[in-house]
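> Quick one: the structure is below, and I'll ask about it shortly.
The values are calculated or read from the model by the stated rules, or taken from the named source; none is laboratory data. The model shown is predicted, which means the values in this text are computed figures rather than measured ones. Because the Cβ atoms are built from the backbone with ideal geometry, glycine has one as well, and the counts that use them run over all protein chains shown. Surface accessibility is based on the protein's heavy atoms, side chains included, excluding ligands, DNA and RNA. Shrake-Rupley method; radii C 1.70, N 1.55, O 1.52, S 1.80 Å.
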Amino acid sequence: MDLGFLIVALLMCVNGVRGSIHEYRNEGFIPQSNDSNAFFFHGGSEGLYASKPLHSSSISQDTGNNNNPSLKGKSFIRFETVTFVRTEESASKQPEMQQNTGLVEAIILEVKDRKRIGGSFLNSNLICCNPTLADAGSCKLGEVIIQKNKDNPDWPKRIKTFFAGNNKETKVDTQDVEINSTGMYYLYFMFCDPNLKGTLIKGRTVWRNPDGYLPGKMAPLMTFYGFMSLAYLVLGLLWFLRFVQFWRDITQLHYHITAVIALGMCEMAVWYFEYVNFNSTGHRPMGVTLWAVTFSSVKKTLSRLLLLVVSMGYGVVKPTLGGLTSRVLLLGAVYFFATEALELVEHLGNINDFSGKTKLFLVLPVAFLDSCFILWIFSSLSRTLEKLQLRRNTAKLELYRKFTNSLAVSVLLSIAWIGFELYFNATDPLSELWQIAWIIPAFWILLAYFLLVVICILWAPSRNPTRYAYLEETGDDFDEEGISLTSGAMVSGDAAGKLERKGLSAGLGEDLEEDKRE
């Protein structure tokens with residue numbers, strides 16, 4: 001009941017989701033810690049590519065139509081319905097007939113120009129201009145101190161919005177600020193007037209790249225998902241041909257592998273379609289995104305379950321999982337719900353980053369469950385290898401050693417990549433390396449694909465069902481050991497049938513007792 005309520009609550013929170021949009025819902029300004037009387041609100045940050053050289057205007061008035069032909073090939077930040085609301089007390093102190101009774105500034109800067117905001121170039125920690133600096137002609141009293149870039153005098157960009165008389169609200173003019181230089185851009189709303197304390201902001205801004213609305217960090221992933229769709233398609237075709245060729249010798253494990261391949265193919269294709277739609281329309285279709293998120297969660301869950309049951313020796317050392325089945329399914333169900341909740345928040349929400357506590361609340365359960373899977377997989381592999389060594393099943397032992405080595409390599413790569421990811425995030429707090437940030441999620445997708453390919457190669461259907469089938473410890477094990485796992489050697493139909501029948505009927509009592517002890 002609690003899990004269902006959580007999913008419903010998340011869906012309600014992300015209803016009407018839009019992409020490339022930073023929304024402000026009556027949020028407050030944060031005071032600076034110094035004596036500058038500055039209050040600021042972070043309006044968003046995004047990696048943006050430079051506009052294609054089609055037009056020369058830097059700021060154009062617009063009706064808000066995403067398909068405006070004058071914006072084709074343009075990279076811009078659009079202000080839509082951005083409104084400031086001051087308190088009743090602040091408004092009542094102002095004369096009704098005075099034109100300007102409060103200033104709020106929108107400041108857009110590239111991250112490399114961050115030191116141009118405030119008085120650092122004047123050897124001062126001030127953000128707002130004071131009378132001394134104003135008398136020296138360094139800035140205007142009551143405004144944020146900005147040192148203009150000599151190479152680009154229009155930047156950092158400042159947009160002023162004034163309150164009129166004793167009005168409680170004022171609105172930023174709808175306009176598009178064109179981006180002509182590739183970089184990581186930050187938007188801040190700031191005011192220096194202490195009388196505006198308690199002012200709230202509402203509305204939204206739209207951020208667009210020259211080739212579409214995908215954020216700069218996400219744009220390369222669209223091509224990557226297209227590539228991975230083809231990769232899964234090729235793997236699926238090869239597996240299907242092998243599946244059809246040896247359909248008489250198919251085991252239950254082969255159906256599990258087929259399901260994971262099919263889910264991976266659907267997952268990559270749906271994500272590619274979702275990114276294409278996002279890029280062209282500027283908003284994420286909730287239905288398509290929900291399907292993509294669900295495919296991703298189901299595929300992740302089944303992939304981990306596949307690794308677990310293979311490590312337990314299902315169909316090779318034991319015919320069933322016995323009493324462990326319920327525990328395996330329970331772990332899979334819990335992992336699915338935890339992953340689904342995290343994916344919903346990450347992909348169905350707006351571009352705005354969620355708070356650290358919200359993210360941590362959803363990431364920690366998934367990380368803990370992944371750790372449970374890893375520990376269970378390797379402990380099961382250890383018992384399976386020990387059992388095969390005692391039974392002297394050299395053919396199956398060779399199979400599981402190859403699988404163990406592949407899994408060990410993937411774990412080492414995962415640990416190394418986690419270290420790199422932590423280093424990357426620690427050394428790039430302002431996302432200046434946004435153009436290569438896409439490789440971090442791409443690595444995990446490639447690693448999952450690599451493990452799936454390894455399983456497909458090791459457990460590929462063949463005319464030799466004894467590569468997988470559970471067998472009773474009899475003299476027939478000698479024949480099984482003589483079969484190479486890589487040479488493609490064939491056994492006679494009678495011998496194969498005999499071994500397969502034994503694998504399906506014999507030795508159940510012994511292994512079920514072992515399952516109970518485990």
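> Mind listing the Cα extents of region 373-453 along all three principal axes, in Å, largest one first?
Principal extents (Cα only, largest first): 57, 22, 15 Å.
> Right, next: Going by amide H atoms built from the backbone, whose H comes under 5 Å of the H on Val82, apart from near neighbours?
Val172, Arg204
> Pull up all non-local amide H partners of Ser181: gap of 5 or more, or a different chain, and H-to-H distance under 5 Å with H placed in the peptide plane.
Ser51
> For region 376-431, run through the trypsin sites (Lys or Arg not before Pro) and keep only the ones in DSSP coil with at most 15 other Cβ atoms within 10 Å of their Cβ.
Details: sites: Arg383, Lys387, Arg391, Arg392, Lys396, Arg401, Lys402; in loops: Arg392.
Passing both the DSSP loop test and the Cβ count: Arg392.
> Take every Cα-Cα distance within region 118-254, group them into 10 Å bins from 0 onward, and report for each bin the whole-number percent of pairs it holds.
The distribution over region 118-254 is 8, 23, 22, 15, 9, 8, 8, 6, 1, 0, given as percents.
> Using the structure shown, list the pairs from Lys52/Lys74; Lys112/Lys150; Lys157/Lys197 with a Cα-Cα distance above 18 Å, or answer none.
Lys157/Lys197
> Which whole-Hz ³J(HN,Hα) couplings does region 159-170 yield from phi under the Karplus relation 6.51 cos²θ - 1.76 cosθ + 1.60, θ = phi - 60°, glycine and proline marked x?
Going residue by residue, I get 10, 9, 9, 10, 7, 10, x, 9, 5, 7, 10, 8 Hz, with x marking Gly and Pro.
> First obtain the Kirkwood hydrodynamic radius of region 218-274 from its Cα pairs, then insert it into the Stokes-Einstein equation at 25 °C and 0.890 mPa s, and state the resulting D in µm² per second as a whole number.
After rounding, the answer is 202 µm²/s.
> Just name one of Val144, Val177, Leu126: the one whose Cα is farthest towards the positive end of the charge dipole of region 85-216 (beta-carbon charges, Lys/Arg +1, Asp/Glu -1).
After comparing all options, I get Leu126.
> Would you work out the relative contact order for region 160-293, in percent, from Cα pairs under 8 angstrom that are 6 or more residues apart? Present the calculation step by step, with values, prior to reporting the outcome.
Details: 72 pairs, mean separation 32.5, N = 134.
With pairs under 8 Å counted, the relative contact order is 24 percent.
> Let me know the Rg and Dmax you get for region 269-313 when you use only its Cα atoms, in Å.
For region 269-313, the Cα radius of gyration and maximum Cα-Cα distance read 14.7, 49 Å.
> Counting heavy atoms of the protein chains only and a 1.4 Å probe, report the per residue accessible area for region 365-439 as a whole number of Å².
56 Å²
> Something else: Can you give the relative contact order of region 222-323 as a percent, counting alpha carbon pairs under 8 Å and 6+ residues apart?
Result for region 222-323 is 31 percent.
> For region 139-182, what is the convex hull (Cα atoms) projected area averaged across all directions, in square nanometres? Can you show the working numbers first?
Details: hull surface 18.7 nm².
Dividing the Cα hull surface by four gives the mean projection, 4.7 nm².
> Follow-up. Mind checking the per residue accessible area of region 143-235 for me, 1.4 Å probe, whole number of Å²? Walk me through the numbers before you get to the answer.
Numbers: 3730 Å² over 93 residues.
Value for region 143-235: 40 Å² per residue.
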